[in-house]
Amino acid sequence: MSLNRIWRFKMHDQVGDLQVGDVAIDTDRGDWGHVEVPGNWTMQGYDRPHYTNVQMPFSNEPPTVPKMNPTGVYSQEVRIPEAWDNRRVILHFGGAESLLYLYVNGEFVGMGKDSRLPSEFDVSSYIKCGETNLIVAIVVKWSDASFVEDQDQWWMGGLHREVYLYSTDSVFIEDVFCGASLENEYRDGVLDMSVGLGFSGHLPEGWQVELQLFSPSGQAVYQQALDSEAIASESRSRYRLCAKFNECLRDVSVWSAEVPNLYTAVLCLKNADGREVEHTSMRIGFKAVEVRDRMLLINGKRVLIHGVNRHDHHETRGKAVDRDTMRQDAVLMKQYNINSVRCSHYPNDPYWLDLCDELGLYVIDEANIESHAFAPWLCHNSSYSLAFHDRGKRMVERDKNHPSIIAWSLGNESGHGAHHDGLAAWIRHYDGSRPIHYESALWDMYGTNDEHAYDKGYAATDLVCPMYPTLELLKAWAFDEQHPDQRRPCILCEYSHSMGNSNGGLSDYYELFKTVPGLQGGFIWEWIDQGLKALNENGVSYWAYGGDYGDEPNDANFVCDGLLWPDRTPHPSIYELKKLAQPVSVSLVEDDPVTLSFRSRFDFIETGWLDASWELLIDGRAVADGAFQLDSIAPGSELNVVWQSPKDTYKGEEAALLIRFVSKETQAWCPAGHEVAKEWISLPKCVLGGQAEAGATSQSRNSGISQICQNGDLVLVKSGKLIVEADAQAGGLVRLTHAGREILSTPPQISLWRAPTDNDGIKLWSGQENKPLKRWQKLGLDQLESRLVDFAYEETIPGEEVELRWGFEASGRQEWQDFYWSYKITIRDQETVDFDFHVEVGNEIEDLPRVGAIFTLNPRLEDLEWLGLGPYENYPDRKSSVWRAVHRSTVDQQYVPYVMPQENGLKCDVDWLTLASDSSLIKVESHLPFMFSALHFHPRDLTNAFHATDLVARPQTLLCLDIAHRGLGTGSCGPDTFAAYRLSESKYDFSFKISIT
């Protein structure tokens, strides 16, 4: 009987305000409020959400909590069916944050802890069947348990998971533990099922347990019944009364994330008269998990872990994630080639595991243990020993039958002590089919320069599972010849912190995963931005983070660090993960004829369910397409294919193939036509029949200078329809017009600053002296001002070419005494202006955010086209997922609305771009590949904003043209941008040609 519904609700500021009337049956509750269950009261107008990462939200020492302690009283009247009389009745609470007391009909029943695991109460002796009964649940927000629930997430409150009643006979199926392993080269299944019976009083006689097993297609493959004589009652059994089924099944359909084959087991309990008393069913998967030879093996294969960390989170419901949203998460993960998920940092809703079983995701299930603020202490404190053990054991008991679970985690960031080693020992004894995972067992060496990092924690972890390691540290572990770890593989439990515009360097990690033995992937932090939908004072919605609710202390927007926005819209960076994790790839192996190698990276299935097609791009534009007729490729195999090029002759500078793999038919997690993989392949010149026609988009037919005027500091140059007005003293260009339409009304500015990404430094955090943002601010990059030091004007070719040159130096900054920049304008015809820039930052300044120029273009130049990498934003260290083509968009669509406004929208390796309105078109070209962003926000606008609602779009287009741009890295919680993607030159020269029609 589901109790998911509206409950009456009353909030107290502290436990001491509770009254007898709150639980009494004769209390008038007409003036109480209402809340939805499942739900967090903090999302329904009571109390407030509170965000902290490491620090506790209050200053008390364990186990004491603040006196002011929000306490919610839930009340529900329930009519219990008369047919449940003389039966066992259980009341189930799926999760309560953080301490639960239960009263039924005014009587105290019991209490429960652990916010992320169920509490169940036998209420048989408290209820009246056939009548209305009063259920009162008191939930206290803070308790001694809060100190081991200190995860990086919102502190909420309330009943956030399902609540229901269920009834059984006095003899009942108490528990089922199903082992479903593999043998004989992973072909045959071994069924090892224990069915524990519960009862009260004397051992029942004459009862029977029957098992039926059905294949994934629904065919009956096994049936057996055990009567009371065959049911074991040995003292060494984990149950007092236990039916055991053991059977070997030949050639089973094996479970994996790629092919999640599920068998259905149906159990029937019959009484001594043969009456069917109880049925239960479960889905099981035959699989094998092993750790050996520096490999985690799934069904005998080294499976590369393409993983993410997932919190229970919803933008309006908080921790009460509904089933449709959970399914959306699982489907999205599959669609972006994610094959693994770590339940961070607690057992997720059990329905989530059902979805992982069904759709195919490998799971690391994690105990609800994190004592981050007191990590070195509580893991050794005997007062908390039972809490550690109870949480881990109950997780295993709840989730042991899910085939998706490939490892048990002892929790997160809680130090390493006897509690962990003892819990690991219990789990290994109870369930030896899965390895143990615990990152903090490596902490003795974590973050040090010790050459034998991660050579620790053998009692508490079967995996080397570090957080945020550098590439150098991973290589040091992999190639440690003096103390090599010959058994455990390295799988990163957290890496590539996805905070804001992030995930730079992901391709460098994947290069190691795919080439270095022992390194087997990892779990990106994290799946979703944990922003909460809120309204500002003007009624405009935005995503709130720590501090927005007056919650102190807090860790600001550190809670928004996912691959998805809070509404589950994907960030651009998730395409990088999808590309790197894609299960098929293509490479060019021969030029003439064009021969392509198709490689399958699947572990268990062939590629026959995919269609492959191609588009021929000439100078970035599609001119022909077709389909490959491929044989199905076996897992891990390659197939060479000769591409049949079109018979037509194409003229151009470059040719490429864009190859797509899509699902032929609808799958459980995607529609037919879903794109699984993509490759961009540069083709040799031999496919081109000729060169592009010269001058098609460059020089104007009408050239020459028609007028030059100088009036004091003002210089006017006119070339047909093109007019350039310049100021010799005030900073350069004043106005550029064409055919009477104003294009530029301000001079270009040197651009060395970008609106800080979260990886550069978190704007709302103090300290961070080692972060790039602080270094750049100390250098004054965000306030850099230039002083004009020279100007030159010259008609270099009389009547045909004019040059105007300005030189600048930094004003008022000792650190910038060697800084100098200049730019030159050259006018040659009535459509084109050349801009040449020179920048000297000096030898004392390095590691700049960017080097380029900003042009403020007047309104209405909205339509955007470019030849370069796209279609979504990309950066020097995050561009594996984009491809070179002519892309079309608008300036409005270029803005990427990260929860914390920051640098966004860059495009790399660009040859040219155009911006157009109904009446004008400008084209920007360069002789070197460049980068650009085109937004309605200046970098200063993004720098000064703390929420999207702080931004007001400018009518102008801010066109940033960069010759160099620092990579993104993952430094908000992990390594800074790798050295190869930093800017360390002392001089930069770059130029752009701007054509106007």
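Would you call Lys475 more than 18 Å from Ala980 (Cβ to Cβ), surrounded by fewer than 16 Cβ atoms within 10 Å (Cβ to Cβ) and either in the same structural domain as Arg754 (by TED's automatic domain parsing) or basic (Lys, Arg) (or both)? So Lys475 does not fit the description; no. A count restricted to the range 99-151 and to residues that are of a type outside the set (Asp, Glu) and in a loop (DSSP other than H, G, I, E, B) stands at 19. Considering each residue of the range 388-447, count those that are among the aromatic types (Phe, Trp, Tyr), buried (at least 18 other Cβ atoms within 10 Å of the Cβ) and either without any contact (Cβ under 8 Å) to a residue 12 or more places away in the chain or outside any loop (DSSP other than H, G, I, E, B) (or both), and give that number. The qualifying residues number 2. Among the residues of the range 839-850, is any surrounded by fewer than 17 Cβ atoms within 10 Å (Cβ to Cβ), under 24 Å from Asp727 (Cβ atoms), at pLDDT below 90 and of a type in the set (Asp, Glu)? Among the residues of the range 839-850, not one is surrounded by fewer than 17 Cβ atoms within 10 Å (Cβ to Cβ), under 24 Å from Asp727 (Cβ atoms), at pLDDT below 90 and of a type in the set (Asp, Glu), which makes the answer no.
I'd like the full set of residues that are part of a strand (DSSP E or B) and either under 18 Å from Asn261 (Cα atoms) or more than 37 Å from the chain's Cα centre (by Cα) (or both), limited to the range 177-191. The answer is Cys178, Gly179, Ala180, Ser181, Leu182, Glu183, Asp188, Gly189, Val190, Leu191. Beta carbons closer than 6 Å, at least 6 apart along the sequence or on distinct chains, pair a first residue in the range 483-504 that is at pLDDT below 95 with a second that is part of a loop (DSSP other than H, G, I, E, B) for His483/His452; His483/Asp455. Can you say whether Cys356 is under 21 Å from Phe177 (Cα atoms), surrounded by fewer than 24 Cβ atoms within 10 Å (Cβ to Cβ) and either not β-branched (Val, Ile, Thr) or not assigned by TED's automatic domain parsing to the domain that holds Arg601 (or both), as far as the supplied structure shows? No: the conditions fail for Cys356.
When restricted to residues that are at pLDDT 95 or above and among the basic types (Lys, Arg), the range 636-692 contains 3.
Among the criteria (1) within 17 Å of Asp603 (Cα to Cα); (2) not assigned by TED's automatic domain parsing to the domain that holds Ala367, the one His279 does not fulfil is (1). The residues listed here are Leu596, Leu616, Leu610; of these, the one that is closer than 30 Å to Glu679 by Cα and either in contact with a Pro (Cβ under 7 Å, 6 or more places away or on another chain) or surrounded by fewer than 19 Cβ atoms within 10 Å (Cβ to Cβ) (or both) is Leu616.
Could you check, for the range 944-963, whether at least one of its residues is among the β-branched types (Val, Ile, Thr), within 23 Å of the chain's Cα centre (by Cα) and over 15 Å from Ile854 (Cα atoms)? No, that holds for no residue.
All of Asn904, Asn858 fail the test of being over 29 Å from the mean Cα position of the chain (by Cα) and either closer than 26 Å to Leu784 by Cβ or not assigned by TED's automatic domain parsing to the domain that holds Gln830 (or both), apart from Asn858.
Name the single residue, out of those in the range 486-507 being surrounded by fewer than 21 Cβ atoms within 10 Å (Cβ to Cβ) and under 24 Å from Asp293 (Cα atoms), that is farthest from the chain's Cα centre (by Cα). The selected residue is Gln486. Taking the range 884-895 as the range and being surrounded by fewer than 20 Cβ atoms within 10 Å (Cβ to Cβ) and either of a type outside the set (A, V, I, L, M, F, W, C) or within 28 Å of Tyr509 (Cβ to Cβ) (or both) as the test, the residues that pass are Arg888, Ser889, Thr890, Asp892, Gln893. For the range 4-34, a tally of residues being surrounded by 14 or more Cβ atoms within 10 Å (Cβ to Cβ) and free of Cβ contacts under 8 Å to residues at least 40 places away in the same chain returns 2.
Of all the numbered requirements in (1) assigned to a strand (DSSP E or B); (2) touching a helix residue (DSSP H, G or I) at 6+ places or on another chain (Cβ under 8 Å), Val910 misses one, and that requirement is (2).
Candidates in the range 264-315 are the residues that are small (Gly, Ala, Ser) and at pLDDT 95 or above; of these, the one that is nearest to the chain's Cα centre (by Cα) is Gly307. Phe58 meets the conditions (1) among the aromatic types (Phe, Trp, Tyr); (2) in contact with a strand residue (DSSP E or B) (Cβ under 9 Å, 6 or more places away or on another chain); (3) within 29 Å of His345 (Cβ to Cβ) in every case but one. The failed one is (2).
Somewhere in the range 367-387, is a residue β-branched (Val, Ile, Thr) and either under 25 Å from Phe604 (Cα atoms) or in contact with a strand residue (DSSP E or B) (Cβ under 7 Å, 6 or more places away or on another chain) (or both)? Taking every residue of the range 367-387 in turn, none turns out to be β-branched (Val, Ile, Thr) and either under 25 Å from Phe604 (Cα atoms) or in contact with a strand residue (DSSP E or B) (Cβ under 7 Å, 6 or more places away or on another chain) (or both).
In the range 116-133 there is at least one residue that is surrounded by 15 or more Cβ atoms within 10 Å (Cβ to Cβ), among the aromatic types (Phe, Trp, Tyr), under 15 Å from Leu159 (Cβ atoms) and modelled with pLDDT of 95 or more. Mind checking whether some residue in the range 353-374 is on the phi > 0 side of the Ramachandran plot and either in contact with a Pro (Cβ under 8 Å, 6 or more places away or on another chain) or modelled with pLDDT of 95 or more (or both)? Yes; the residues of the range 353-374 include at least one that is on the phi > 0 side of the Ramachandran plot and either in contact with a Pro (Cβ under 8 Å, 6 or more places away or on another chain) or modelled with pLDDT of 95 or more (or both).
Within the range 270-302, the set of residues being in contact (Cβ under 8 Å) with a residue 60 or more places away in the chain, under 18 Å from Ile173 (Cβ atoms) and either part of a strand (DSSP E or B) or among the hydroxyl-bearing types (Ser, Thr, Tyr) (or both) comprises Lys270, Val277, Glu278, Thr280, Met282, Arg283, Ile284.
Within the range 789-800, residues that are over 12 Å from Ile708 (Cβ atoms) sit with their Cβ atoms under 6 Å from residues that are among the hydrophobic types (A, V, I, L, M, F, W, C), at 6+ positions apart or across chains, in these pairs: Phe791/Ala728; Phe791/Trp806.
Against the list (1) touching a residue at least 24 places away in the same chain (Cβ under 8 Å); (2) not in a loop (DSSP other than H, G, I, E, B), the condition Ala320 fails is (2). For the list (1) part of a strand (DSSP E or B); (2) surrounded by 16 or more Cβ atoms within 10 Å (Cβ to Cβ); (3) modelled with pLDDT under 95, I need the number of the one condition that Tyr239 fails. Going through the list (1) part of a strand (DSSP E or B); (2) surrounded by 16 or more Cβ atoms within 10 Å (Cβ to Cβ); (3) modelled with pLDDT under 95, Tyr239 breaks only (1). I want to confirm something. Restricting to the range 22-79 and keeping residues that are acidic (Asp, Glu) and assigned to a loop (DSSP other than H, G, I, E, B), which single residue is nearest to the chain's Cα centre (by Cα)? Among those that are acidic (Asp, Glu) and assigned to a loop (DSSP other than H, G, I, E, B), it is Asp47. Any chance the range 908-931 includes a residue that's buried (at least 21 other Cβ atoms within 10 Å of the Cβ), in contact (Cβ under 8 Å) with a residue 60 or more places away in the chain and polar (S, T, N, Q)? Taking every residue of the range 908-931 in turn, none turns out to be buried (at least 21 other Cβ atoms within 10 Å of the Cβ), in contact (Cβ under 8 Å) with a residue 60 or more places away in the chain and polar (S, T, N, Q).
Pairing residues of the range 963-981 that are under 12 Å from Arg754 (Cα atoms) and outside any helix (DSSP H, G or I) with residues that are among the acidic types (Asp, Glu) and modelled with pLDDT of 95 or more, at Cβ distances under 8 Å and at least 6 apart in sequence or on separate chains, gives Gly967/Asp877; Leu968/Asp877.
The values are calculated or read from the model by the stated rules, or taken from the named source; none is laboratory data. Note that the coordinates shown come from a computational prediction; the quantities given were computed from them, not determined experimentally. Virtual Cβ from ideal backbone geometry, glycine too; neighbours counted across all protein chains shown.
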